[in-house]
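I have placed the structure first, in the form of structure tokens, so that the comments after it can refer back to it.
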Amino acid sequence: MFVEGTCTNRRALLKFKTGAFKPGKPVQPVCFKYDNRIMDTSSWTWDGPHWAVICWLALSQVHAPIEFIFLPTYHPNEEEKADPELFAENVRRQMSRCLDTPLTDIGYEDAKIAYLCMKNGLPSSAGLLHIQK
């Protein structure tokens, strides 16, 4: 499951969706580390190049290293079992430390609103009212 709910550019971890955490069962976090020193062909984001361009560039590379890091199984405590948002946030923090990537409270919905703002000639920040508070 990709709990951010979308593809991102790996500059920050988005707020996680809570669906995978609602059952309150242990989860196995897996982090992906990409080595894109020459060309980033692993960021399939909504504001990036067309998917066909990304596919062509990815297939044109001779070597595209990726590291899979299986973190220890995360067993939620009683408080986390009762609160899926807390559970998701604690797993996200663990993954952030592993990836050495900052967290952001922006979610998929915020990005969608920012995209609509840009599409209609407004600055993308106009849609981030909650963040600006």
In the structure shown, of K33/K119; K81/K112; K15/K81; K25/K112, the pairs separated by more than 28 angstrom at the C-alpha atoms are K33/K119; K81/K112; K25/K112
Residues with amide H under 5 Å from that of K17, placed H, sequence gap 5 or more: E4, G5
As a test question: what accessible area, to the nearest 10 Å², does Y115 have when a 1.4 Å probe is rolled over all protein chains in place? 100
Quick one: accessible surface of I113, probe radius 1.4 Å, all protein chains present, in square angstrom to the nearest 10. 80
Which value in nm describes the separation of the simple spin-label points at Y34 and L116, placed 7 Å from the Cα toward the beta carbon? 2.8
With all protein chains present, calculate the accessible area of F16 using a 1.4 Å probe and round the result to the nearest 10 Å². 20
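Mind giving me the FRET efficiency for S96 and A58? R0 is 35 Å, r the Cβ-Cβ distance, nearest 0.05 is fine. Could the numbers behind the result be given before it?
Working: r = 26 Å, r/R0 = 0.74.
With R0 = 35 Å, the Cβ-Cβ based efficiency is 0.85.
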Ordering S96, S60 by accessible area with a probe of 1.4 Å, largest first, what comes out? S60, S96
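The values are calculated or read from the model by the stated rules, or taken from the named source; none is laboratory data. A quick note: this is a predicted structure, and the numbers were derived from the prediction, not measured. With ideal geometry, Cβ positions are generated from the backbone for all residues, glycine too; neighbour counts draw on all protein chains shown. When the accessible area is computed, the model is the full protein with side chains, heavy atoms only, and any ligands, DNA or RNA have been set aside. Shrake-Rupley method; radii C 1.70, N 1.55, O 1.52, S 1.80 Å.
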